[in-house]
1. Could you tell me whether any residue of the range 66-83 is in contact with a helix residue (DSSP H, G or I) (Cβ under 6 Å, 6 or more places away or on another chain) and either more than 27 Å from residue 117 (Cα to Cα) or of a type in the set (Phe, Trp, Tyr) (or both)?
2. Sort out which residues of the range 65-96 are buried (at least 20 other Cβ atoms within 10 Å of the Cβ) and either outside the structural domain of residue 138 (by TED's automatic domain parsing) or in a loop (DSSP other than H, G, I, E, B) (or both), and write them in order of number.
3. Scan 33, 10, 61 and give me the residue that is farther than 30 Å from residue 152 by Cα, surrounded by fewer than 15 Cβ atoms within 10 Å (Cβ to Cβ), among the β-branched types (Val, Ile, Thr) and not assigned by TED's automatic domain parsing to the domain that holds residue 146.
4. Counting only residues that are free of Cβ contacts under 8 Å to residues at least 12 places away in the same chain and either aliphatic (A, V, I, L, M) or buried (at least 21 other Cβ atoms within 10 Å of the Cβ) (or both), how many does the range 101-129 have?
5. Where the second residue is assigned to a strand (DSSP E or B) and the first is within 17 Å of residue 114 (Cα to Cα) and lies in the range 134-161, which pairs have Cβ atoms under 7 Å and are six or more apart or on separate chains?
6. Quick test for you: out of 123, 133, pick the one residue that is at pLDDT 95 or above and either over 16 Å from residue 73 (Cα atoms) or of a type in the set (D, E, K, R) (or both).
7. Just give me the residues in the range 97-138 being assigned to a loop (DSSP other than H, G, I, E, B), under 25 Å from residue 15 (Cα atoms) and in contact with a strand residue (DSSP E or B) (Cβ under 8 Å, 6 or more places away or on another chain), in sequence order.
8. Which residue is surrounded by the most Cβ atoms within 10 Å (Cβ to Cβ), if the candidates are limited to the range 36-54 and must be among the charged types (D, E, K, R) and touching a helix residue (DSSP H, G or I) at 6+ places or on another chain (Cβ under 6 Å)?
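The values are calculated or read from the model by the stated rules, or taken from the named source; none is laboratory data. Because the structure is a prediction, the values reported are computed rather than measured. Glycine also receives a Cβ, built like all others from the backbone with ideal geometry; neighbour counts cover every protein chain displayed.
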Amino acid sequence: MSLRSAAFAVIAPSGFKESMSAKEVAHSIAEGVRSAAPQARIIELPLVDGGEGFTETLVEVTGGRIYPVTVTGPVGTPARSFFGILGGRGPKTAIIEMASAAGLRLVPRDRRNPLVTTTYDVGELIRTALDMGAKRILLGCGDSGTNDGGAGTAQALGVRLLDADDMSIG
């Protein structure tokens with residue numbers, strides 16, 4: 001069967017790292033399919049794996065809301081980030097994607113050193129969501145540009161991490 005005679009297409013991509021979200025990829029592919037087969041019935045179904053697009057997708061399907069937040073950023077430079085609160089009933093649930101605060105796209109190529117990047121910014125998002133009354137947190141950990149094992153996140157939430165000499169690990 002050729003694409004021109006197909007009556008139905010499901011487009012279910014993930015995002016393209018540092019380029020396009022899953023939603024943008026799905027829309028672009030759908031536009032291409034429509035140009036080749038205008039009569040096709042198309043369903044755009046962006047998939048997320050916890051990385052870029054995780055928050056936006058879950059908030060959209062539940063009728064929730066996105067909240068913009070400025071965070072420290074993985075290399076210490078302020079970064080515009082966000083988290084979401086799911087819509088619907090049940091405990092207030094925050095959706096946080098690590099990529100929005102500490103993602104690879106926020107770490108310039110010449111500063112991609114896992115010994116100095118931090119997830120402190122992810123902790124800032126969690127703290128803000130908790131301050132807004134979130135009772136549950138769903139944290140998507142895909143597309144990170146950091147490798148501190150969550151130490152920065154824990155520190156932003158008040159945990160003190162000490163070295164063998166009882167000094168803060170920084």
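1. Among the residues of the range 66-83, at least one is in contact with a helix residue (DSSP H, G or I) (Cβ under 6 Å, 6 or more places away or on another chain) and either more than 27 Å from residue 117 (Cα to Cα) or of a type in the set (Phe, Trp, Tyr) (or both), which makes the answer yes.
2. Scanning the range 65-96 gives 72, 73, 74, 86.
3. Selected residue: 10, the only one of 33, 10, 61 that is farther than 30 Å from residue 152 by Cα, surrounded by fewer than 15 Cβ atoms within 10 Å (Cβ to Cβ), among the β-branched types (Val, Ile, Thr) and not assigned by TED's automatic domain parsing to the domain that holds residue 146.
4. Matching residues across the range 101-129 total 1.
5. Partner pairs satisfying both residue conditions: 143/103; 144/103; 145/103.
6. One residue alone meets the criteria, 133.
7. Across the range 97-138, the qualifying residue is only 119.
8. Restricting to residues being among the charged types (D, E, K, R) and touching a helix residue (DSSP H, G or I) at 6+ places or on another chain (Cβ under 6 Å), the top hit is 52.
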